[in-house]
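Visitor: Just passing along the structure, written as structure tokens.
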Amino acid sequence: MLQVEHLSVQFPGGAAPAVEHVSFSLNRGEILGLVGESGSGKSVTAQCLAGLLLPDAEVTGTICLEGQELIGASPAQLRAIRGKEVAMVFQEPMTSLNPVLRVERQVEEALRIHTHLNGRQRRDKALAAMAEAELPDPAALGCRYPHQLSGGQLQRAMIAAALVSEPKYLLCDEITTALDVTVQAQILDLLGKLSRERNMGVLFISHDLRLVKKLCHRALVMRGGRIVETGAVEELFHAPREAYTRRLLDAIPTRDSKLR
């Protein structure tokens, strides 16, 4: 289990904490949704879990990864965990991937850091991860540069790079935002499949409640750096307790919505 208790984050010069007293758990094999408007603290929370915040951020509380405390861990300890135990997929792969390195080289990067595999073995595992992420012809696409892939292919390459070292937990930060609805559905199906087959915990961050309803088992609703509601997805959608959650649900477009 990944257990978060009373997590707070304060940035220098900030009038209020970016994240304040956030508590939740993520189990192996579970997909947990984290929803809320822009600026609510979703991405900062995920970056805390991956140890990616800048050193000047003041972080308090507890992040316990299967018995190991991450807050206060040394940079070396975090490097040993990041990419191996916990991996993260970012919103915009074109800005996350290195434009001058071939895709295959970037997919295998975690293996260079966390294993003693030779070049051939790393390449084989990278191609296998790309195939698992449902990239067509991984050997051919792996030889290309990021600008030579489509948006959906880039996002699958990012997922492959996160999966290659077989992490226990995957953090997905708005990874479907820039994709069309058909590719979105394919990525959701892929995440669900990977979570089941690998018994992998997934934190799925999104502002789109429809995607959360389709993919996740539980969901957290975040506002102003705080968790305002949590529960099973069906419960949140059909019987929300908080007015803010009801307003988010009311904002979902429906077939009956009319242009104004």
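The values are calculated or read from the model by the stated rules, or taken from the named source; none is laboratory data. Computed from a predicted model, the values in this text were never measured in an experiment. With ideal geometry, Cβ positions are generated from the backbone for all residues, glycine too; neighbour counts draw on all protein chains shown.
Visitor: Which members of region 61-72 meet the condition of being in a strand (DSSP E or B) and either in contact with an Asp or Glu (Cβ under 8 Å, 6 or more places away or on another chain) or surrounded by 15 or more Cβ atoms within 10 Å (Cβ to Cβ) (or both)?
Guide: Selection gives G61, T62, I63, C64, L65.
Visitor: Another question, then. Might you check whether a residue that is assigned to a strand (DSSP E or B), buried (at least 20 other Cβ atoms within 10 Å of the Cβ) and not small (G, A, S) occurs anywhere in region 39-57?
Guide: Among the residues of region 39-57, not one is assigned to a strand (DSSP E or B), buried (at least 20 other Cβ atoms within 10 Å of the Cβ) and not small (G, A, S), which makes the answer no.
Visitor: What tally of residues in region 226-254 results from selecting those that are of a type outside the set (S, T, N, Q) and assigned to a loop (DSSP other than H, G, I, E, B)?
Guide: So the answer is 7.
Visitor: Let me ask something else. Quick check: is even one residue across region 200-210 part of a loop (DSSP other than H, G, I, E, B), at pLDDT 90 or above and over 23 Å from D250 (Cβ atoms)?
Guide: Within region 200-210, one or more residues are part of a loop (DSSP other than H, G, I, E, B), at pLDDT 90 or above and over 23 Å from D250 (Cβ atoms).
Visitor: Do you know which residues across region 80-103 are out of contact with any strand residue (DSSP E or B) (no Cβ under 9 Å at 6 or more places or on another chain), part of a helix (DSSP H, G or I) and over 22 Å from R198 (Cα atoms)?
Guide: P93, M94, T95, V103
Visitor: Another question, then. For region 162-189, what are the residues that are closer than 14 Å to G29 by Cα and among the hydrophobic types (A, V, I, L, M, F, W, C)?
Guide: L170, L171
Visitor: Mind listing whichever residues of region 101-124 are touching a helix residue (DSSP H, G or I) at 6+ places or on another chain (Cβ under 9 Å) and farther than 19 Å from A80 by Cα?
Guide: If the condition is that a residue be touching a helix residue (DSSP H, G or I) at 6+ places or on another chain (Cβ under 9 Å) and farther than 19 Å from A80 by Cα, then L101, R102, V103, E104, R105, Q121, R123 are the ones that fit.
Visitor: Is region 159-182 home to any residue that is more than 30 Å from A80 (Cα to Cα), over 13 Å from the mean Cα position of the chain (by Cα), at pLDDT 90 or above and not polar (S, T, N, Q)?
Guide: No, that holds for no residue.
Visitor: Another question, if that's okay. All but one of (1) closer than 30 Å to V4 by Cα; (2) surrounded by 19 or more Cβ atoms within 10 Å (Cβ to Cβ) hold for I113; which doesn't?
Guide: Of the numbered conditions (1) closer than 30 Å to V4 by Cα; (2) surrounded by 19 or more Cβ atoms within 10 Å (Cβ to Cβ), the odd one out for I113 is (2).
Visitor: If you don't mind, another one. Within region 163-182, count every residue that is in a helix (DSSP H, G or I) and among the β-branched types (V, I, T).
Guide: Total satisfying the criteria: 2.
Visitor: Now a separate question. Being on the phi > 0 side of the Ramachandran plot and in contact with a Ser or Thr (Cβ under 7 Å, 6 or more places away or on another chain) narrows it down to one residue among G61, G72, G67; which is it?
Guide: G61 is the lone residue from the list that is on the phi > 0 side of the Ramachandran plot and in contact with a Ser or Thr (Cβ under 7 Å, 6 or more places away or on another chain).
Visitor: Which condition breaks for E197 when tested against (1) part of a loop (DSSP other than H, G, I, E, B); (2) over 30 Å from V59 (Cα atoms); (3) of a type in the set (D, E)?
Guide: Failing condition for E197: (1).
Residue-by-condition table, conditions (1) among the acidic types (D, E); (2) surrounded by 12 or more Cβ atoms within 10 Å (Cβ to Cβ); (3) closer than 16 Å to D173 by Cβ; (4) modelled with pLDDT of 95 or more:
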position	(1), (2), (3), (4)
E197	yes, no, no, no
K214	no, yes, no, no
L236	no, yes, no, no
R260	no, no, no, no
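Visitor: Based on this model, can you work out whether V228 counts as surrounded by fewer than 19 Cβ atoms within 10 Å (Cβ to Cβ), touching a Ser or Thr at 6+ places or on another chain (Cβ under 8 Å) and within 22 Å of S43 (Cα to Cα)?
Guide: Taking the combined requirement at face value, the residue satisfies it.
Visitor: I'd like the residue in region 216-225 that is in a loop (DSSP other than H, G, I, E, B) and out of contact with any Leu (no Cβ under 8 Å at 6 or more places or on another chain) and, out of all such residues, is surrounded by the most Cβ atoms within 10 Å (Cβ to Cβ).
Guide: G225
Visitor: Of the residues A160, A131, which single one is free of Cβ contacts under 8 Å to residues at least 24 places away in the same chain, part of a helix (DSSP H, G or I) and either within 20 Å of L32 (Cα to Cα) or out of contact with any strand residue (DSSP E or B) (no Cβ under 7 Å at 6 or more places or on another chain) (or both)?
Guide: Sole residue among the options that is free of Cβ contacts under 8 Å to residues at least 24 places away in the same chain, part of a helix (DSSP H, G or I) and either within 20 Å of L32 (Cα to Cα) or out of contact with any strand residue (DSSP E or B) (no Cβ under 7 Å at 6 or more places or on another chain) (or both): A131.
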